[in-house]
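Encoded as structure tokens, the structure appears first; notes follow it.
Each reported figure results from applying straightforward, stated rules to the coordinates on display, with no laboratory input. The model shown is predicted, which means the values in this text are computed figures rather than measured ones. Backbone-built Cβ (ideal geometry, glycine too); neighbour counts: all protein chains shown.
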Amino acid sequence: MSAPPSGTSTPIESRDDLVYALEKGNKPKHQWRIGTEHEKFPFSLHDHRPIAYEESSSEQGGVRDLLQSLVLKFGWTPLLEGENVIALTKDGANVSLEPGGQFELSGAPLENLHQTCNEVYTHLHEVETIARPLNVGMLGLGAQPLWTHAQTPWMPKGRYKIMGAYMEKMGQLGLNMMKGSTTIQVNLDFSSEADMVKKLRVSLALQPIVTAIFANSPFSEGKLNGYQSFRAAIWQDTDPDRTGNLEFAFEDGMGFERYVDYALDVPMYFIYRDGAYLDATGQSFRAFMDQKLPSRPGEMPMKTDWDDHLTTLFPDVRLKSFLEMRGADGGARENICGLPAFWVGLLYDSSALDAAWDLVRHWSAEDRRLLSLNVPEQGLGAQVAGRSVLDIAQQVAQMAQSGLKNRAMAGKVSADETEYLDPVLEWLDAGQSPADRLIAKFEGEWAGDIHRVFKEEAY
């Protein structure tokens, strides 16, 4: 969740403080949790356009109305930036806004996938309950299928004004990323630095495989765009200083300190002072540590500044006090539960993690580069190290299934968590991604009518 820092903070005294901010994520296995995030596009049920924060018509609710309705009907607590409600919190979970109004649930840290999927379905029920009376629908696709970023209203968050202006200088598709893309993410824990490094390497190598599995953005401006995951293509033409596959993570000496050094060298976006975001684009956090930030000379950074800075790094896997898996498109209900099921099965079981590492450890840097480059367009049809992505995806999904069985986390009516991975296994058995299904519908029963996606794929 991106919201202004609250409460007091303390100055950063040394680089060791930054390393400790990552090290404090080390947890024994029984304390590992699952945090699932997913975004979706709010749209007008009248004409399917993106809705504004405040709508002028009494017949059409806006994003502010959605947030306020969740507060009134379901007891969420509002968080303000100035006079605007820009986020909500309840029971360890948060609802927040992406730049184009994408509605995001950042779930609470939960013990198992049964709890995760219950959280997802509860949230979607709440959103549907309050959205329909406001003439608002929610669409789960990885990229906006019809409207351009210029046609999409900005949300009133100060950090987005700064980021948006900077994005226009860095790559061609930064504004598409900000206002026209959605994702499903899962945040997972580690027990030690060595465990973090192993999980980071496996998840970085496999992130394009996951992109192919969950690809769900084949439309742009009402037409097929030639991609399985246009969202992934967008990320390849967005600010190159802070995106990509972190190739240094595969080098000897990788650890918390190496990631800190990487983060220190990524240009800043902003700092937050006295209730406002201040432009610090292109400036160095290293200089800030030396009290030589051009926009705030003589000032020492606070720990909240570092926390904010880490949220502006966008690699395929992001390290904070946990690991964020960032490769999947937004999607249907089963995708929202399937994505965390895949990664939990793979990373939270030692046998599955070892098997996954054995699979990817011999891939070269060039293998990984070409895989990331080719997957957005080719999806499951891409290749790496002489094998098809579909073949690898099926193999890795079976590893994840075994991992979930080994966890043996029983639900009310099930012996383990494998049920949440079953839909993923089914479409992989059919050799099709969610994008393949959408393309077939668009070229078949929809007869090229993109508005059908707002009716049939909405929550």
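Scanning the chain for trypsin sites (Lys or Arg not before Pro) lying in DSSP loops with no more than 13 further Cβ atoms inside 10 Å, the longest uninterrupted stretch between such sites is 170-360. Which log10 I(q)/I(0) values does the stretch 15-456 give at q = 0.07, 0.10 Å⁻¹ under the Debye formula, counting every alpha carbon as one identical point scatterer? Rounded to two decimals, the profile gives -0.33, -0.70.
Evaluated with a Cβ-only charge set (Lys, Arg +1; Asp, Glu -1), the chain carries a dipole of roughly 220 debye about its Cα centre, given to the nearest 20.
Whole-percent P(r), the stretch 224-265, all Cα pairs, 5 Å bins from 0: 5, 18, 22, 18, 13, 12, 8, 4, 1.
Evaluating 6.51 cos²θ - 1.76 cosθ + 1.60 at θ = phi - 60° for every residue in the stretch 136-144, the Karplus couplings come out as 10, x, 10, 10, x, 10, x, 9, 4 Hz, glycine and proline recorded as x. Taking amide H as placed 1.01 Å from N in the peptide plane, GLN283 has its amide H under 5 Å from the amide H of MET268, each at least 5 places away in sequence or on another chain. What the Cα convex hull of the stretch 2-93 gives, in volume per residue, is 171 Å³. Straight-line cross-link partners of LYS90 among the lysines, defined as a Cα under 28 Å from its Cα and at least 8 positions apart when in the same chain: LYS24, LYS27, LYS29, LYS40, LYS73, LYS157, LYS161, LYS179, LYS303, LYS320, LYS412. For SER191, the residues whose modelled amide H falls within less than 5 Å of its own, excluding neighbours fewer than 5 places apart on the same chain, are LYS27, MET196.
Relative contact order (percent) for the chain, with alpha-carbon contacts under 8 angstrom and 6 or more residues of separation?
Numbers: 907 pairs, mean separation 92.9, N = 459.
With pairs under 8 Å counted, the relative contact order is 20 percent.
Counting pairs of Cα atoms in the stretch 304-414, how many percent are more than 19 Å apart? Within the stretch 304-414, distances greater than 19 Å cover 58 percent of Cα pairs. Here the dipole of the stretch 135-201 is about 180 debye; that uses its Cα centre as origin and unit charges on the Cβ of Lys and Arg (positive) and Asp and Glu (negative). For the pair the stretch 365-415 and the stretch 277-294, the centres of their Cα atoms are 40 angstrom apart. Residues in the stretch 66-73 carry Karplus couplings, in order, of 4, 5, 5, 5, 5, 5, 6, 8 Hz; the curve used is 6.51 cos²θ - 1.76 cosθ + 1.60 with θ = phi - 60°, and Gly or Pro positions show x. For ALA87, the amide hydrogen comes within under 5 Å of the amide hydrogens of LEU79, counting only partners 5 or more places away or on other chains and with H modelled in the peptide plane.
Each part reduced to its alpha carbon centroid, the stretch 305-340 and the stretch 164-181 end up 18 Å apart.
Across every pair of non-identical alpha carbons in the stretch 371-414, the mean reciprocal distance, once inverted, gives a Kirkwood radius of 12.2 Å.
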